[in-house]
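Asks: Sharing a structure, written as structure tokens. Questions coming.
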Amino acid sequence: MLVAAAAAYLLCYGGVRGPVDWLDGRSVHRGPGQRRRIALTFDDGPHRVHTPALLDALAALAAPATFFVVGAAVDANPALCRRMVAAGHELGNHTYTHRYLPLRSQARLTRELAFTDRAIEDATGVSTSLVRPPWGGRSPWTLRALAAQGKRAVLWDVNPFDWRGASADELTARVARRVRPGSIVLMHEARDRGDVTVAAVRQLVPRLRADGYELVTVSALLAGGAAA
Ligand code: NI
């Protein structure tokens, strides 16, 4: 059981370089690398304490981000989602109850996505085709089901493990060291240590800009030439 869990973890969640790309072309791990553009993504929110702090930080930095939100949290905090959209951030679907999709039925997967889409639309009037499966969990049939529903699975290629106890300085250094043009960075503001992630963002955005990177939403990154 432990071995199976470890294998699933490695296949789906991956290490610092993101999930293993074992199904080429079925999910997105990064954008085109021709331009020095990066997308910061924040999962599991909205969170009633940490998300407002993150939105304040991003507003002060005039930096766009992409939030992969959990539908149940959206229903609990719709105003925070409206604030995200009003500030020019992008929203993506992170399921309704944060489930590991490969172990769920197709009917359950469909409900997890549909309930979250509806929560986002009810809160903001915005619809999204971006999905980040929780823990990066995906299987061939999961990806087929997402594609059949017109969804794009968005993973990441930079994971600083911001939930595992590092300081804001260390998180900033990790991301700055690992990003390359087109990178998608995975972070979490909606966790116990969300305050550390927010503190890291305040350092990280100026640092990335000093390194010549432009921050854009995931859709803008994937679109290549389009403005954020
Ligand atoms: Ni998550």
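What follows is calculated from the coordinates using simple rules that are stated; it is not laboratory data. Values in this document were obtained by computation on a predicted structure and should not be read as measured data. We place every Cβ from the backbone using ideal geometry, glycine too, and count neighbours over all the protein chains shown.
Asks: Restricting to region 173-206, count the residues that are touching a residue at least 24 places away in the same chain (Cβ under 8 Å), more than 16 Å from the ligand (Cβ to nearest atom) and buried (at least 16 other Cβ atoms within 10 Å of the Cβ).
Replies: Selection size over region 173-206: 17.
Asks: Taking the options A107, A123, A114, A119, name whichever one is in contact with a helix residue (DSSP H, G or I) (Cβ under 6 Å, 6 or more places away or on another chain), away from the ligand (no atom under 16 Å from the Cβ) and not hydroxyl-bearing (S, T, Y).
Replies: When all the criteria are applied, what remains is A123.
Asks: A follow-up question, please. Among the candidates R48, R138, R83, R111, single out the residue that is free of Cβ contacts under 8 Å to residues at least 24 places away in the same chain, on the phi < 0 side of the Ramachandran plot and either surrounded by fewer than 18 Cβ atoms within 10 Å (Cβ to Cβ) or touching a Leu at 6+ places or on another chain (Cβ under 8 Å) (or both).
Replies: Just one listed residue meets the conditions, R111.
Asks: Name every residue in region 159-192 that is under 12 Å from Y213 (Cβ atoms) and touching a helix residue (DSSP H, G or I) at 6+ places or on another chain (Cβ under 9 Å), in order of residue number.
Replies: Of everything in region 159-192, those that are under 12 Å from Y213 (Cβ atoms) and touching a helix residue (DSSP H, G or I) at 6+ places or on another chain (Cβ under 9 Å) turn out to be V175, A176, V179, G182, S183, V185.
Asks: On to the next question. What is the residue count in region 38-92 for residues that are in a loop (DSSP other than H, G, I, E, B) and not charged (D, E, K, R)?
Replies: The number of residues fulfilling the criteria is 13.
Asks: Still on this structure, I have one more. Please determine, by comparing only the residues of region 86-97 that are within 15 Å of the ligand (Cβ to nearest atom) and surrounded by 17 or more Cβ atoms within 10 Å (Cβ to Cβ), which one is farthest from the chain's Cα centre (by Cα).
Replies: Here the residue is Y96.
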